[in-house]
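Here is the structure we will look at.
The values are calculated or read from the model by the stated rules, or taken from the named source; none is laboratory data. Just so it is clear, the structure is predicted and the values come from calculations on it, not from any experiment. Note that we place each Cβ from the backbone using ideal geometry, even for glycine, and neighbour counts take in every protein chain shown. What goes into the accessible areas is simple: the full protein's heavy atoms, side chains included, and nothing from ligands, DNA or RNA. Shrake-Rupley method; radii C 1.70, N 1.55, O 1.52, S 1.80 Å.
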Amino acid sequence: MSEQTQTKDRTQQAGRYEPRAIERKWQARWHADELYRTPDDDPRPKWYALTMFPYPSGDLHIGHWYAMSPSDAHARFMRMRGHNVLFPMGFDSFGLPAENAAIKRHVHPAEWTASNIERMREQLRAMGTMFDWTREVVTSSPEYYRWTQWWFLQLLSHDLAYKKQAAVWWCPNDQTVLANEQVLDGKCERCGAVVAKRDLEQWFFRITRYADELLDFSGLEWPEQVQTMQRNWIGRSEGAELRFGLDAPGADTEEIRVFTTRPDTVYGVTFFVLAPEHPLVARITTDEQRDAVRAYVEATSRETEIDRLSTEREKTGVFTGAYVINKFNGERVPVWIADYVLLTYGTGAVMGVPAHDQRDFEFAKKYGLSIIPVFQHPDWDGGELTQALGHGGRMINSGPFNGTPDEEAIAAVTRYAEERGFGAGTVSYRLRDWLISRQRMWGAPIPIIYCDEHGAVPVPEHDLPVLLPDDAEFRPTGESPLTYHEGFLHTTCPRCGKPARRETDTMDTFMCSSWYQMRYIDPHNGERPFSREQARRWLPVDQYTGGAEHAVMHLLYTRFFTKAARDMGVVEFDEPMRRLFNQGQILGPDGQRMSKSRGNVIAPDDQVERWGADTFRAYLMFLGPWELGGPYDPSGITGVHRWLNRAWNVATGDAGTASLPGAPPTRDLRRWTHKTIAKVTEDIANFRFNTMVAALMEFTNYLTKTRESGEPVDAVAWDDALASLVLMMAPSTPHIAEELWARLGRPYSVHTQSWPEFDPALAMEDEAEVAVQVNGKVRDRLLLPRDAAEDVARERALASEAVAAHVAGKDIARVIYVPNRLLNIVVK
RNA sequence: GCCGAAGUGGCGGAAUGGCAGACGCGACGGUCUCAAAAACCGUUGGGCUUCACGGCCCGUGUGGGUUCGACUCCCACCUUCGGCACCA
């Protein structure tokens, strides 16, 4: 029998790699054995790994796989490294799509949601993740939203929730209110419809109370980008609130306040501007100006937010006929209204300092208002200004402050204002309180009852949950369907027992996701959202992964919730997630976002059917750096599939082994094994999955070559090499690893084994290839003993013909030697 | 406009001061096959040169700089992608 046929027979005996069969087999076994059940009473150090839970839209798409497979691999790695790992999964199942489906197809959102969850749970299982399903959390289940309502009551009783009439963003398409964060470029974040303002009674959470604390990221390993986005969103500005006297016949107040970051420019105020919607506008406008003002206010209200926020367009405004008095110098300046002033920031008013603010400058130029510089800026020659002056120089035209240098000006003027009662130093934020009311049915009902006598009365804790009716009618009306549901609406006042009405708004779904990570630790607790003991054991989350699109909403809200929970005595830490990693976004093969209309959608189920879950998982990791995302190229997956085949063949076949512990091929095998362990360990720990897979491929290629060379190697070293390979594959390709582990005759399960140890002594090469350069250009390569001395290297280099040719006839000016790497001969 | 990330073969990418292109895809050549697919083996940055072995030059968005040595550090600019954007 020839050599060839022998090999063939061995392969046949071992069987071919058939991913679908082994994946089904092991998934069933793991499930039956509860392999991934996370015990609470495990003495090993805990590791809470979390990946953002999905909205149950009906199908797992490639983005879920891209987010979850590497996350799962890392969690599995931590488990093999000796941690008791909690890696749970659930569904963020309240929200608009279910309700829209209900309107369109006349199914109850609960039904639609339940069947979607059912389907997605199966798809998630097919992925081969180590989720502990006994801890599953479904935010739309009464067992969960009961506690969401409990949180609302807690926040209310700690004065962190309140109700007020407010102009709020309204989406005419979704027929609901939106939070500021859900409005992008004046459009609904969800459906793209142009939004408008509406006045409604709404519930808010006092997130602004935590604005300063939310700016503190110390102790958090979060991407700089997310921190920056949150800082920008919170928008902290230091400055002063200054008081101006009001000189308008119709006004009932004598004073108006304005926030400024430049109180030091107050002597340069030549006009004053109010937002067109400012409540004072109607009262201070003089009769002569009334028509013009009214027309302007109306025109503004008709503008879309997009137009209004455009920086390009020319500033417009109208004089009100009123004046204010600058208390610092007694000057009387005109009050205008202009749409570049926003009612929602500061006090809705701006002091116009055209010499030092570009926006004010443009406004003053257009309307012929005077411009008075109050700093002798070094770049300014004293002539007419063509643009506003920046910081720098000493104060001028500023009465007692003349000569004060730029750096001291703000503090000096603020102090003076405080002494004279003209105002005070203060801090202003862009962040607004979090509006949580939604005029929708498929959300957690706000647990409030309205009584004619007692007003808004919280539902007593023991009456929770306030259940959603299962027979509500769905009509797109702009009000919650709960409003029409008599059974839900009518109740009695918890205080007096008289007939009362329930709140019909539900809570923003971001509330559900603000605390879900806390529920996973104790998901079946019927007494509390979670026990104190469990919180001490598991929280906070050690590693969170998810998309950067949640940087300012979910991730800011959950931080707020945690801080509020701490102040309410519910938890004992300050931050919900210690480490955060943002993966990139996976795109269609054409580099565009995947969408049905573009026809570039890759269905994960198809990929799994064709290649198996392991191949698909590993390929998603192999594509490129996880944080970058990028296009999915369906043709490249064959490379990963071939690798798994090679790994299968090398691990299931025989090698020509013997007891040869000291032989050179054995040393080489040991070296490769430990070099790979070092590389893979480092890569997976740092979320560099692409180079991790590449290292495993290289190792597999090396093993294949070694086996095919026919050179005998030591049996123990060979077994160690194969075991190491399989162990290192276990986090990323869990099914084939389990199968190969069994075929190597090792005890079940590969996933409960320890991660292979790296021995630096074994990884050490005893020879090194040293590049020899002449004037920085590589002319030869030498194989030298490890850590060879410089003179040895130099002598060998000069003996090389290729090197000598470039050195001949020249003087050696310098030699740079980097042991084991390079020798550079500098000649003149 | 401001802030951040990125720009490397035909493509995804690797290398963060020391041999550019690891690992893959694709392509080309081969083995097997009636054939195709699959699988496996080999070659593959560009150019010039040599019968051949080989040798030489160029090359990491562009232009400068630092250095014995730069994809990597510094300065200026261009492009792409994110985020923010009249926030007083």
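For region A:194-264, applying the loop criterion from DSSP together with a ceiling of 15 other beta carbons within 10 Å to the GluC sites (Glu not before Pro) yields A:E254. Loop-resident GluC sites (Glu not before Pro) (DSSP state other than H, G, I, E or B) in region A:483-567 with no more than 14 further Cβ atoms inside 10 Å of their Cβ: A:E527. Using heavy atoms of the protein chains and a probe of 1.4 Å, the accessible area assigned to A:E18 is about 100 Å². Taking all Cα pairs closer than 8 Å and separated by 6 or more residues, the relative contact order of chain A comes to 14 percent.
For chain A, a crude dipole built from +1 on the beta carbon of Lys and Arg and -1 on the beta carbon of Asp and Glu, taken about the Cα centre, is about 1160 debye to the nearest 20.
Taking the 1.4 Å solvent-accessible surface of region A:73-150 as the whole, the part contributed by carbon and sulfur is 51%. For region A:634-763, what's the relative contact order in percent, using C-alpha pairs closer than 8 Å and at least 6 residues apart? Normalised by residue count, the contact order of region A:634-763 is 35 percent. Principal axis extents of the Cα atoms in chain A, from largest to smallest and rounded to whole angstrom, are 112, 87, 49. With every protein chain in place and a 1.4 angstrom probe, the accessible-area ranking of A:E419, A:E711, largest first, reads A:E419, A:E711. Accessible-area rank, largest first, for A:V716, A:V608: A:V716, A:V608, with all protein chains present and a 1.4 angstrom probe. What a 1.4 Å probe finds exposed on region A:735-828 is 48% carbon and sulfur by accessible area, rounded to a whole percent.
Return one number: the angle in degrees, 0 to 90 and rounded to the nearest 10, between the long axis of the Cα atoms of helix A:790-799 and the longest principal axis of the Cα atoms of chain A. Roughly 70 degrees, rounded to the nearest 10. Sparse packing (at most 13 other Cβ atoms within 10 Å of the Cβ) combined with a DSSP loop state is found for the following GluC sites (Glu not before Pro) in region A:355-410: A:E384.
Average accessible surface for region A:132-267: 42 Å² per residue, computed with a 1.4 Å probe over protein heavy atoms with every protein chain in place.
Relative to the longest principal axis of the Cα atoms of chain A, helix A:142-157 runs at roughly 40 degrees.
Which is farthest toward the positive dipole end of chain A among A:Q439, A:Y632, A:F91, measuring Cα position about the Cα centre, with Cβ charges +1 (Lys, Arg) and -1 (Asp, Glu)? Ranked along the dipole, the leading option is A:Y632. Once the Cβ-Cβ distance of A:R125 and A:T344 is raised to the sixth power relative to R0 = 45 Å, the FRET efficiency obtained is 0.45. With distances taken between every two different alpha-carbon atoms, region A:634-763 has a Kirkwood hydrodynamic radius of 14.9 Å.
Roughly how many Å is it from the Cα centre of region A:673-703 to that of region A:440-507, as a whole number? Going from one Cα centre to the other spans 57 Å. Note on A:D605/A:K197: beta-carbon distance plugged into 1/(1 + (r/R0)^6) with R0 of 45 Å gives a FRET efficiency of 0.55. Only one residue of A:G348, A:Y619, A:P142 has its Cα farthest out toward the positive end of the dipole of chain A, where Lys and Arg carry +1 and Asp and Glu -1 on Cβ, and that residue is A:Y619. Ranking A:I103, A:I637 by solvent-accessible area of protein heavy atoms (1.4 Å probe, all protein chains present), from largest to smallest, gives A:I103, A:I637. What would the Debye formula give as log10 I(q)/I(0) at q = 0.14, 0.19 Å⁻¹ for the alpha-carbon point model of region A:733-780, no solvent? Debye intensities relative to I(0), on a log10 scale: -0.61, -0.74. In chain A, helical runs assigned H by DSSP with n ≥ 4 each contribute -39500 (n - 2.57); averaged across all residues and rounded to the nearest 500, the mean residue ellipticity at 222 nm is -11500 deg cm²/dmol. How far is the Cα center of region A:220-279 from the Cα center of region A:105-137, in Å? If we compute the Cα centre of each part, the gap is 49 Å.
In the full protein context, region A:634-763 carries 38 Å² of accessible surface per residue, based on a 1.4 Å probe and ignoring ligands, DNA and RNA.
On the beta carbon distance between A:D40 and A:E757, with R0 = 41 Å, the FRET formula returns roughly 0.90. Listed by chain and number, the lysines whose alpha-carbon sits under 30 Å from that of A:K828, ignoring those within fewer than 8 places in the same chain, are A:K777, A:K810. Angle between the Cα long axis of helix A:637-652 and the longest principal axis of chain A, 0 to 90 degrees, nearest 10? In chain A, helix A:637-652 runs at an angle near 40 degrees to the longest axis. Think of chain A as having a plus end and a minus end, set by charges on the Cβ of Lys, Arg, Asp and Glu; of A:P819, A:L489, A:M68, A:P819 sits farthest toward the positive end of this dipole. Extension gain for the segment A:N820 to A:D381, taken as residue separation times 0.36 nm less the Cα-Cα distance, is 151.8 nm to one decimal.
Taking label points 7 Å from Cα along the Cα-to-Cβ direction, A:E288 and A:D654 give a separation of 11.0 nm.
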